[in-house]
1. Could you list, in sequence order, all residues of segment 47-60 that are modelled with pLDDT of 90 or more and either surrounded by fewer than 19 Cβ atoms within 10 Å (Cβ to Cβ) or closer than 26 Å to G124 by Cα (or both)?
2. Run down V59, V49 and say which single residue is in a strand (DSSP E or B) and under 44 Å from the mean Cα position of the chain (by Cα).
3. When you scan segment 27-38, do you find a residue that is in a strand (DSSP E or B), over 30 Å from R172 (Cα atoms) and among the hydroxyl-bearing types (S, T, Y), even just one?
4. Answer yes or no as to whether G44 is open to solvent by 50 Å² or more (accessible area, probe 1.4 Å), under 26 Å from E68 (Cβ atoms) and at pLDDT below 90.
5. For a quick check of your reading of the model, give me the residue pairs whose first member lies in segment 164-188 and is part of a strand (DSSP E or B), whose second is loosely packed, with under 11 Cβ neighbours inside 10 Å and modelled with pLDDT of 85 or more, with beta-carbon atoms closer than 9 Å and at least 6 apart or on different chains.
6. Please find, within segment 128-158, the residue that is modelled with the highest pLDDT out of those that are assigned to a loop (DSSP other than H, G, I, E, B) and small (G, A, S).
7. Just to check your reading of the model, which residue among V74, V125, V111, V107 is farther than 25 Å from L54 by Cα and either of a type in the set (A, V, I, L, M, F, W, C) or in a strand (DSSP E or B) (or both)?
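The values are calculated or read from the model by the stated rules, or taken from the named source; none is laboratory data. Treat the numbers as computed from the prediction; the structure is a model and nothing was measured. All Cβ positions, even for glycine, are placed from backbone atoms using ideal geometry, and neighbour counts span all protein chains on display. Please note that ligands, DNA and RNA were not included when accessible areas were found on the heavy atoms of the full protein model with its side chains. Shrake-Rupley method; radii C 1.70, N 1.55, O 1.52, S 1.80 Å.
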Amino acid sequence: MGQEASTLNIPPRKVVKTIAVGQEVEGVVKRVTEFGAFIDIGVGRDGLVHVSELSPHRVAKASDVVQEGQTVTVWIKELDREKNRISLSMIAPGTLTMRDLEEGMVVTGTVTRMERYGVFLDIGVGRDGMLHVKEMGHGYIEKPEDVVKMGEELQVQIVGLDQRRGRVDLSRKSLLPPPAESGAPTMARMADSDDPTEPAPEEVVFVSPFELALQEANQGEERRRERKKKSRGWSEYEEEEDLIQRTIAHHRKSKGV
């Protein structure tokens, strides 16, 4: 009898549930507020799912997504052991949200709406991004339907982002290779080719037949002048030599040589 009494006085073992950040658990909605919902996940302390973590889409009120007594699947987002707080999320890890977007990021989207100025793409964050007709490709594009169609999946780049307004500007042109240059030389390419290390091209001068004849006549006159100058020089030399010879002969004659 004493043994049975002692057995009945043994306190039940405390069940300890281990949780960690990123862990998937099930819970029951205990209370819904304006800023979120409190979920009982069976650890003696309710966790909070903030309204921004109820869905990857924009949520106006928590009551639009969850109700008290509902069983939901959540993920442990943060654990604050000092303050004994548990932050939960109903958005699966790895899901892209508006807060994750950055300019320059490349995403994949599906065309959901077409307008004359462009198309809207569902990029999986609850807010469609806008692809303007000017950003669909290189060159002039008259209508969006000339390039894309409804339901088509496109890879695009984020070129503009307004988190507060939920606006996402997309570009497909930025991911396409630039158009090939034409074979005709452009002014820029001609300017670039003016490299001081390269030999300069030969200069070609075009003259009329009259100018050519005039040049030849001037050259002929120049040659005649040169010959005349040379011949005059020789005659002057001969005259000087003759004068010297006559002077020597006269001097010898006067000496009786």
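1. Going through segment 47-60, the residues modelled with pLDDT of 90 or more turn out to be 47-51, 53-54.
Listed by number, the residues that qualify are L48, V49, H50, V51, E53, L54.
2. Numbers: V59 fails: in a strand (DSSP E or B).
That would be V49, the only listed residue that is in a strand (DSSP E or B) and under 44 Å from the mean Cα position of the chain (by Cα).
3. In the first step, residues of segment 27-38 are kept if they are in a strand (DSSP E or B); the result is 27-32, 36-38.
Subsequent filtering for residues that are over 30 Å from R172 (Cα atoms) retains 27-32, 36-38.
Of the ones still in play, those that are also among the hydroxyl-bearing types (S, T, Y) are none.
No: zero hits.
4. On the way: open to solvent by 50 Å² or more (accessible area, probe 1.4 Å): yes; under 26 Å from E68 (Cβ atoms): yes; at pLDDT below 90: yes.
Yes, satisfied.
5. Once the first residue is part of a strand (DSSP E or B) and sits in segment 164-188, its partners that are loosely packed, with under 11 Cβ neighbours inside 10 Å and modelled with pLDDT of 85 or more give V168/D162; D169/D162.
6. Here is the first cut: in segment 128-158, the residues assigned to a loop (DSSP other than H, G, I, E, B) are 128, 136-143, 147-152.
Now narrow it down to the ones that are small (G, A, S): 137, 139, 151.
Numbers: G137: 91, G139: 89, G151: 94.
Among those residues, the one meeting the criterion is G151.
7. Details: V74 fails: farther than 25 Å from L54 by Cα; V125 fails: farther than 25 Å from L54 by Cα; V107 fails: farther than 25 Å from L54 by Cα.
Residue meeting the stated conditions: V111.
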